[in-house]
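Q: Below is one structure. I have some questions about it.
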Amino acid sequence: MERVNQTISVSEFILVGLSSRPEDQKPLFILFLTVYLVTIAGNLLIILAIHSDSRLQTPMYFFLSFLSFTDICFTTTIVPKMLVNFLSEKKIISYAGCLTQMYFLYALGNSDSCLLAVMAFDRYVAICNPFHYVTIMSHHRCVLLVTISCCLPHLHSLLHTLLLNLLTFCDSNVIHHFICDLSPLMKLSCSSTFVNEIVIVTEGALVLVTPFLCIAFSYIRILLTVLKIPSAAGKRKAFSTCGSHLTVVTLFYGSIFYVYLQPVSTYTVKDHIATVVYTVLTSMLNPFIYSLRNKDLKQGLRKLICRRRV
């Protein structure tokens, strides 16, 4: 069980999950299997529709396709292990598997956050500076924004994973959660977590809040610009391009801030519901939110489905 360097004293963890009652396991399995299949199918359809329709070859849909891809990866990091545990008596995850899941949880979750900020910037340029939109949102710049949004979160996640690996786990190995999240893992440590908590409060908060502030700034500028539009129809058209994105941002950040902007010591089982929202439900709802309120995307999806039937 012990490693030579004494950094840990357990080789595996037990994930308690959403419920410990045996009668809940099969219903939960069916529920999350359905959610997972809908998530994969919905996001794949979004990606295929965008790449198969020439009218959707714009920066906004370019970013949306990457958001859908990240959502697929994000959900796959979490749900398959949940499904296995629902049907297993021993809900075990190895130490390496736990840290790997946590790494991708933060890397992909923060990639989602950065992509939402990039999409807000895209809407800001489109509404506030429409005559220079093509120049500012060039293909080269869009690729650069996506690359940064996907690479920086991996450095953030690597830092927290390496710091967690330095902790000693020598008492309980039972994680009262359905995923290997940072807060419940730190609560299990029998060594000092002072450095980890300092990094969470400083670097972690910076990485989490910065994209949100960028989104808030973009929408404040958008609001000020839209209020200057004289016609009501013009205002509605401008706001209609932002409605879906704002809905996703509210759902995503509302649940994340509820979970992570609190001390580790106050983390309780009640936070599981909020964690389910941003890790599972948001990824499932994104395709519906974007497609139901977007005529071009709905037409692209119809074309794609009709083409597959033929």
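The values are calculated or read from the model by the stated rules, or taken from the named source; none is laboratory data. As the structure is a computational prediction, the values presented were derived from the model and not from experiment. Glycine also receives a Cβ, built like all others from the backbone with ideal geometry; neighbour counts cover every protein chain displayed. When the accessible area is computed, the model is the full protein with side chains, heavy atoms only, and any ligands, DNA or RNA have been set aside. Shrake-Rupley method; radii C 1.70, N 1.55, O 1.52, S 1.80 Å.
Q: Check Val174: other-chain or 5+ apart residues with amide H under 5 Å from its amide H, H built from backbone geometry?
A: Under 5 Å from the amide H of Val174: Ile14.
Q: Which of the pairs Lys81/Lys295; Lys81/Lys298; Lys26/Lys298; Lys228/Lys303; Lys26/Lys295; Lys90/Lys187 have their Cα atoms more than 29 Å apart in this structure?
A: Lys81/Lys295; Lys81/Lys298; Lys26/Lys298; Lys228/Lys303; Lys26/Lys295
Q: Let me ask something else. I'd like to check one number: the per residue accessible area of the chain, probe 1.4 Å, reported in Å² as a whole number.
A: 50
Q: Give the separation of the Cα centroids, the stretch 201-230 to the stretch 81-110, in Å.
A: 33
Q: Another question, if that's okay. Where nothing but the Cβ of Lys and Arg (+1) and of Asp and Glu (-1) is charged, how large is the charge dipole of the chain around its Cα centre, in debye to the nearest 20?
A: Roughly 1640 debye, rounded to the nearest 20.
Q: Provide, for q = 0.07, 0.09 Å⁻¹, the log10 of I(q)/I(0) from a solvent-free Debye sum over equal Cα point scatterers in the stretch 12-308.
A: Evaluating at q = 0.07, 0.09 Å⁻¹ gives log10 I(q)/I(0) of -0.30, -0.48.
Q: Counting Lys +1, Arg +1, Asp -1, Glu -1, what net charge surrounds Thr279 among other residues with beta carbon under 11 Å of its beta carbon?
A: After counting each charged neighbour, the total is -3.
Q: Sort 187-200, 120-133 by the packing proxy (mean of other Cβ within 10 Å over each peptide's residues), most packed first.
A: Listed from highest to lowest mean packing, they are 120-133, 187-200.
Q: Also, I was wondering about something else. In whole percent, and with a 1.4 Å probe on the protein chains, what portion of the accessible area of the chain is carbon and sulfur?
A: The C+S portion of the solvent-accessible surface of the chain is 70 percent.
Q: Here is a follow-up. Among 63-75, 247-259, how do they line up from the highest to the lowest mean number of other beta-carbon atoms within 10 Å?
A: For the peptides 63-75, 247-259, the packing ranking is 63-75, 247-259.
Q: Sum up the charges of everything whose Cβ sits under 14 Å from the Cβ of Leu105, counting Lys and Arg as +1 and Asp and Glu as -1, but leave Leu105 out.
A: Spelling it out: positives minus negatives among the neighbours equals -2.
Q: Given an 8 Å cut-off on Cα distances and at least 6 residues of separation, report the relative contact order of the chain as a percent.
A: Relative contact order for the chain comes out at 28 percent.
Q: Hey, another quick one. Within 10 Å, count the other beta carbons around each residue, average over each peptide in 272-281, 206-215, and list them highest first.
A: Ranked by mean Cβ neighbours within 10 Å, highest first: 272-281, 206-215.
Q: Find the all-direction average of the projected area of the Cα convex hull for the stretch 144-261, expressing the result in square nanometres with one decimal place.
A: That works out to 9.4 nm², a quarter of the Cα hull's surface.
Q: Whenever you get a sec, line up Cys306, Cys114 from highest to lowest accessible area (probe 1.4 Å, protein heavy atoms).
A: My answer, sorted largest first, is Cys306, Cys114.
Q: Helix hunt in the chain: which complete DSSP H runs extend at least 20 Å axially by C-alpha with mean Kyte-Doolittle at least 1.0?
A: Length and hydropathy pass: 22-52, 59-86, 205-227, 243-260.
Q: Please name whichever of Pro59, Leu304, Thr161 sits farthest to the positive end of the charge dipole of the chain, dipole taken about the Cα centre and charges placed at Cβ: Lys and Arg +1, Asp and Glu -1.
A: The residue sitting farthest along the positive end of the dipole is Leu304.
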